[in-house]
Structure formats: structure tokens, C-alpha cells
1. Could you tell me which of the residues A:THR199, A:THR222 is of a type outside the set (A, V, I, L, M), at pLDDT 95 or above and over 22 Å from A:MET8 (Cα atoms)?
2. In the list A:VAL294, A:VAL299, A:VAL261, which residue meets the criterion of being at pLDDT 95 or above and farther than 21 Å from A:LEU163 by Cα?
3. Go through A:ALA420, A:ALA349 for me and flag whichever is within 7 Å of chain B (Cβ to nearest Cβ), within 30 Å of B:PRO392 (Cβ to Cβ) and either open to solvent by less than 10 Å² (accessible area, probe 1.4 Å) or of a type in the set (A, V, I, L, M, F, W, C) (or both).
4. Being out of contact with any strand residue (DSSP E or B) (no Cβ under 9 Å at 6 or more places or on another chain) and within 10 Å of chain B (Cβ to nearest Cβ) is the filter here, so list the residues in region A:369-384 that pass it.
5. Sort out which residues of region B:412-436 are more than 17 Å from A:THR330 (Cβ to Cβ) and of a type outside the set (A, V, I, L, M, F, W, C), and write them in order of number.
6. Spot the failing condition for B:GLN378; the list is (1) polar (S, T, N, Q); (2) open to solvent by less than 30 Å² (accessible area, probe 1.4 Å); (3) more than 30 Å from A:CYS415 (Cβ to Cβ), and only one is missed.
7. Quick check, is B:ALA316 closer than 18 Å to A:VAL299 by Cα, assigned to a helix (DSSP H, G or I) and either open to solvent by 10 Å² or more (accessible area, probe 1.4 Å) or facing chain A (nearest Cβ under 8 Å) (or both)?
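The values are calculated or read from the model by the stated rules, or taken from the named source; none is laboratory data. These numbers come from a predicted model, not from an experiment. All Cβ positions, even for glycine, are placed from backbone atoms using ideal geometry, and neighbour counts span all protein chains on display. Ligands, DNA and RNA are excluded from the accessible area calculation, which covers all protein heavy atoms including side chains. Shrake-Rupley method; radii C 1.70, N 1.55, O 1.52, S 1.80 Å.
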2 protein chains.
Amino acid sequence: MRNYTTQMDAARKGILTPEIKTVAEKEHMDEDKLMKLVAEGKVAICANKNHTCLSAEGVGSMLRTKINVNLGVSRDCKDYDVEMKKVMSAVNLGAEAIMDLSSHGDTQPFRRKLTSECPVMIGTVPVYDSVIHYQRDLATLSAQDFIDVIRMHAEDGVDFVTLHCGITQKTIEQIKKHKRKMNIVSRGGSLVFAWMSMTGEENPFYEHYDEILDICEEYDVTISLGDACRPGCLADATDVCQIEELVRLGELTKRAWDHNVQVMVEGPGHVPLDQVAANMKVQQSICMGAPFYVLGPIVTDIAPGYDHITSAIGGAVAAMSGASFLCYVTPAEHLALPDVEDTKQGIIASKIAAHAADIAKGVPGARDIDDRMADARQKLDWEAQYECALDPETARAIRDSRAPEEDHGDTCSMCGKFCAVRSMNKALAGEYIDIL
Amino acid sequence: MRNYTTQMDAARKGILTPEIKTVAEKEHMDEDKLMKLVAEGKVAICANKNHTCLSAEGVGSMLRTKINVNLGVSRDCKDYDVEMKKVMSAVNLGAEAIMDLSSHGDTQPFRRKLTSECPVMIGTVPVYDSVIHYQRDLATLSAQDFIDVIRMHAEDGVDFVTLHCGITQKTIEQIKKHKRKMNIVSRGGSLVFAWMSMTGEENPFYEHYDEILDICEEYDVTISLGDACRPGCLADATDVCQIEELVRLGELTKRAWDHNVQVMVEGPGHVPLDQVAANMKVQQSICMGAPFYVLGPIVTDIAPGYDHITSAIGGAVAAMSGASFLCYVTPAEHLALPDVEDTKQGIIASKIAAHAADIAKGVPGARDIDDRMADARQKLDWEAQYECALDPETARAIRDSRAPEEDHGDTCSMCGKFCAVRSMNKALAGEYIDIL
């Protein structure tokens, strides 16, 4: 029987949990220092007490940047076995979290499979599952129905849940009045908005927040405060809808912390590159250093098919500037459900953004692997280069597909005998340099 | 008979050239304002007087960010027709410049074909061609041989030439002493270094700079001052070798301007993300606002196979912070000669970086296309979305390959009936929202 509820409760009581110990080791951080950050809410360790196979990770701006992968079955992709393969492949590629966004069929067995077999953080968006679980249309659901689904997810071992608590009936008027180009593009946020519009009732996740906090405290579910009003295009970025919701998320963060419940705050979205750092600073200030979990930010709207790249740009700058958790974006974003290859491309792009940010913000040891790569390159040692590569198979396949016609001492076909590394190695060794 | 030598000379004399007129129109900039920037060297209009089919472009931090595509035949890819197809495809994808880095066979016919048929800026690196042109090994070439190749390229109509004028015999000692991880990774820089090492002579591009300026003035060839010491890995970034060369490039910039010769300055390279903006500021200061032409910057060394993404991150931040010209990087960087698909991926990634930066730095009208995309998305008007897309074919192919099983009013399979845009449009119209 544990003598604490949440990781935050434990940290505040000075109890060193196995999860805090694990995270401290992974981050090469002093346990006391980490415990203080967890107690303050600056690091969230999303670890449901029922997710016993979890290898805990911490989320916080002073730690290594983490990435999340969205998966789950839907009407257009129903096969749970295929989806489980995607999950394990995502974990192997380095994802620290999986959000199960399943929206079709009986969702519970898959969710339970995840929390019983998968060692990474598992997140869900209960409002998606409400419609599916009850098999009733949105307008017919009650506030209690939504809360019961949160409890079910908590019992099933989910580590964090996205709840769109920050919009209210007032937001409906504001959205109508403010005339954003894209209104609300958050899927969960739009469902809450739609439910409020149709029923005329207040946002159940806002109204019954205290009851939700009780559930989250009981199971140690971290609340990921969803940003329903995150901008869906550059024109809507950093507008009053977004910032007013952020202010409310700051208030809700404080209420959760008062309840020993851990919090992450979700963030934009589509944001011009010059506004990304400012967005991170504002969130850090308004939400008192709570971990910031961003989707993107996507820095131009005109690249469907390449939004893993637009969001790698925004994500790298965001994570360098205070975001601690990046939700991956795939090339299929805005167009279709991602397939296995899209998922891989999205993960790699997110890992690049996260790693570039970790180097930039000086996470201890982050650059070591880059330095090893540089040493391998200087020696033209290709096997050592592949060992340092984020995706060794792809790197090897590209070089092997177009090896130089002649062997010039392990160059590649990019430069052949014109290889600068080859020339420099010879020059510095005092050797004759043949180019022709 | 024109009464000026270079665009800079004309601008200084108050002569409105057809090229300045063209650039002013393209950039929606007042002609007098542009003329002043050209006169000061803050904008380079790379326009060899023999490149008569050119549609002029300006390069400068206050203008739209331009991108360059490296192409050219080599021992491992000899077919000039294939290469010409790559060129025209690059132009169609939006490249504003092509650098012909051919390093095999008879290079002149292809170079002349480029300057007689291709409307974008053409650049070369004469030191590559020297070995090929004379068919003699590097150590046997004389300083005059190198200069004669520059003159040949100028006569052939090349708009800008990369010359590695900034390293000297002193640099050899510095490189040996400083023990960089990657020494010199600039291909042209390594050739100059190798020639200096083997002959013991001073850098011909530095020693005979005045003679080179005479040639460049005669044909209006812009000098792109190559950065031989650009960092080849994160560990070498912003080190004394790089910065000392930059200081020399600043001196050479001034000497060129005194000669009415236009200049661009080349920059890094591999740079940690937190150092990118600082690098741009230092260059702008040391080189008195001369346009900065960067390769990358690549923000992590560990992603071979994905360096179009690592450099899109660095390039976007660089262009937002002062760089005006991005050299594309392909997924094959560090591994192999790029093929047609790599070239396309590299161009798109560079265009994304350039466009994101243009929005961020407030280039007039840059965000208009993004706003049109947002309007199309809000209406779920897919044809209008494709019209705004950087790569309409790819966007269309992704959506069409995985269309929703059921039609829910033009959503896509990403969310199906859970589509936030669909829900919001219905909610704001006061309609019932069916989700199941």
C-alpha cells in the first residue's frame, strides 16, 4: 500500500518513488533536485498507478525533450493488430509517449493492451471515446457520461488524459464575435464546443473539474489541459481566443496542483516562426512553469504533404524556448490518416527537432552522439557513422544504392575523389592529393 | 553599349537598369530604395551581362529569401541530358539559382547551355572546374591557370562564382594547431588548402584578388566569398577558424565594393540551433550587411538521410535572422549524389524554410498564400487547398490514396466524422452535429 497518491504528492512529502528514481537516472539529474521540480509541478512524471509495465519518463523544460505519437483505430483503419505493430515500431524509434486516439469499435481491449504491454507513457482524449463507448450521438450524452469515461480510462491505466477544460459558454460568443479564420481546429475542443452548442450547458470538464481532479489524484493521471482554441492557421496565432484560454488553463493548473494532480498544458498549433519563442515564454509565465506540450508549431500553412517538416522547424524552436513535449506531425497531416511510413517520417522529424533543441538548450550529454558522428565522419568510417545515425538503415541504403564507381578510400558518390575529408586527411598527413 | 559595368556601378551612378527594374517589381519595392541597397552592397543582383535570358533576382535580407540548387555531372553521374532535366524541374519547383558543380568531362557546353536557356541565376565554383578543364592534377596547376578558368566562366555568362579567398598559408598552421574535429569540409576550400599544402604557395584567389575583381567587374560576376572553414560538425561551430576567416571575408567584401563588384558571403554549415541567430548577426556586422548565403545550417549531425530536415530547421531560423540565400540540402547529403527525388525533397524543404522565414520577417505579402489556404481549409474546399499547396500533386495523392470510407461532407480520413472543421461549421450554423 503506497503512502502517497500522485508523484507530486510523494515529492511534496519527500518520498523518493521508484518513478522519480528512474527519471533521475535517465536524466542524469540529482534525485533531490528532480523531486523538488516534481513537487513544484515543473516536471510531470505521467505514471498511472495501474500502468505497472511503465518505464517512467519526466516531462519538463529542463529535461530531455520528449515526443508523442498519436495512433489508434478509426472507421477508416480498423485493424487493432496493425495498430499495435505501429505502436511497437514507434517505441523502437524512440517515442516516449503514445496517445491512443481510437474512435471506432470496442476501444477498451486495445487501451488495456497498451497499458499492460507498452513501456511508454499512454495518453488518451476521453471525449473522443465517449461517443464511441456509449454508441450514442454527442448531444445525447450527459456531463456524468463524460466523467465516467475519464474514470474508466483512469482505471485502465492511462497516464495522461487530454481534457478541454478551458472553454466555456463565453467562448462560444467569443468565437462567433472574433471571426477567426479557422475557428476551432482541436478535434476534442470542437466536440466540447459542439456539445455545449447543442445542449446549451456549460463545459462539463470545466464545471466538474473538482470531481475530475479526485479521479486523477486517485489513479495519478496527469491532466493534459487541451487548448481547444489553438490556432489552426498562421492568421489566428496568438490571438485573444488563444491567449484568453491560456489564462484559464493557468488557473486550472493551479487548482490541479492544489489537489496534488500533475498537469501539462497543451499549446499551438499553427504559429509564424517569429512568434514561437514568445508563445513559449507567455505559457511558461501564465502557467507557472508547467510543462508545455505542443502540436507543431507548424510555421507555414502551405505545405500539406510536408507538415512533418513545417512542424520540425517550429518544434525545434519551441523546445529550445521552453516547450518540453512535442506531439509528432506526419506528412499526412491535413490530408489523411497516416500510414506506417508516414508515422515513421513523423517520428524521425520530431526526434530531430527534439534533439536539436536539447543540444541548443544544453541538456547534459545531448551533443555526445553528434561528436561521435563527427569523429566517424572525419575517419570516413561508415559503420561507425551508421551506429550514430538516427535511422541507420536509411542512411546505409542511400549510400549503398549509389556507391562511387571507383573506390577512392571510402568516399561516397556525392564528391568521389573531390571529397573534402579525403583531401584534408591527405594534406594534413603530408601526402600527395590526386583529384583526377 | 551600356554606360556602366556592374549593377552596383549603375546603382551608384543612379542608372535604373532593366535588372533593377525587374527586381523592384518582383519584390514590390520602390526602385529608388532598391537602387540604394544595390549601391550599398546590401542587395546583390547576380546578372552576368552575357546571361541574356536571365530573369533577374535580388539577394538581400530585406527581400524574399532565395534558394539555390546544386547540380552538375560527375564521374558517377555523367549524363548531361538527365542533369538538364533536373535543372528545369528545379526551376519549376521555384529555385532561384542553380549552381553547376560539374566535375567530369567537358564542362563548357553544359555551362553555356545553362546561361543560354536557363532564366535563373547560375553559379559555379571555378576551382572544381580547373582540375577538370586542364585534365591535370591539382599540384601541377599555376595561379594563372585558376584565374583563366574564372575568366572563362565569366565569359560563359556565369552570374556568381564561389571563390575561397579567405584562407591563407596562415590558415594551414591554424588548422593544424586548432585541432578541429572536421578540419575543412568545404570541397572547394579543401582543394585550395590541398594546392597550398602541396605547392607551398599562397592562396591564388587571395594573392590575385585584384585581377579577379577586374574580371568580375568586366562581366558583372558576383563574387560569392566561400567559407572554406565553415564548421563540418556542431563541435566546430563558431570557432576561431570560422570567425577569423569571416573577418577576412569582411575585408575582401570591402575591397570588392571599392571595385564596384557585387559580393555575397557564404556561411555555415553545421551549427547548434542556439548559435544560428548569433552567427547571422556577426556576419551582418563584420561584412557590413552583404547578403549572407548559407549551406544549412544543419542543427544536428546525427540525421544522415534526413539532412533536408536538419537544414530546413537551421535555414528557417537563419533566414529569419538575416541570411538571404539558402543553399538546398538533400536527403542524400553526407551519403551519396542526390537523385531526382532527393533533389525534389531538398528543394521543397528549402522552400518551406525560406517561406517560413519570409513570413516571420514580415516580407510584404508573404503570408497571403497561407491566408488563402486557411480560407480553403475552413470551407473544406480541397481543390482550392491544392492550388495553395507548395506541392499540389503530393498533397492530392496522399488524400486520394486514403479517402474516407463514407463521405461526410468532404472531410478526410484523418478524422472522418470527427473532423473539427466540419463540427465547427455545423455548430456555428446552428445545425445538429452527428458524430457516430
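1. On the way: A:THR222 fails: over 22 Å from A:MET8 (Cα atoms).
Selected residue: A:THR199, the only one of A:THR199, A:THR222 that is of a type outside the set (A, V, I, L, M), at pLDDT 95 or above and over 22 Å from A:MET8 (Cα atoms).
2. Details: A:VAL294 fails: farther than 21 Å from A:LEU163 by Cα; A:VAL261 fails: farther than 21 Å from A:LEU163 by Cα.
Going through A:VAL294, A:VAL299, A:VAL261 in turn, just one is at pLDDT 95 or above and farther than 21 Å from A:LEU163 by Cα: A:VAL299.
3. Working: A:ALA420 fails: within 30 Å of B:PRO392 (Cβ to Cβ).
Result of the check over A:ALA420, A:ALA349: A:ALA349.
4. So in region A:369-384, the residues out of contact with any strand residue (DSSP E or B) (no Cβ under 9 Å at 6 or more places or on another chain) come out as A:369, A:371-373, A:375-384.
Within region A:369-384, A:ILE369, A:ASP371, A:ARG372, A:MET373, A:ASP375, A:ALA376, A:ARG377, A:GLN378, A:TRP382 meet the criteria.
5. B:LYS417, B:ARG422, B:SER423, B:ASN425, B:LYS426, B:GLY430, B:GLU431, B:TYR432, B:ASP434, listed by residue number.
6. (2)
7. On the way: closer than 18 Å to A:VAL299 by Cα: yes; assigned to a helix (DSSP H, G or I): yes; either open to solvent by 10 Å² or more (accessible area, probe 1.4 Å) or facing chain A (nearest Cβ under 8 Å) (or both): yes.
Judged against the criteria, B:ALA316 is a match.
Residue-wise test of (1) over 26 Å from A:HIS308 (Cβ atoms); (2) in contact with a strand residue (DSSP E or B) (Cβ under 8 Å, 6 or more places away or on another chain); (3) modelled with pLDDT under 95.
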{"residue": "A:TRP195", "(1), (2), (3)": "yes, no, no"}
{"residue": "A:TYR206", "(1), (2), (3)": "yes, no, no"}
{"residue": "A:ASP210", "(1), (2), (3)": "yes, no, no"}
{"residue": "A:ILE215", "(1), (2), (3)": "yes, no, no"}
{"residue": "A:GLU218", "(1), (2), (3)": "yes, no, no"}
{"residue": "A:ASP227", "(1), (2), (3)": "no, yes, no"}
{"residue": "A:THR238", "(1), (2), (3)": "no, no, no"}
{"residue": "A:MET280", "(1), (2), (3)": "no, yes, no"}
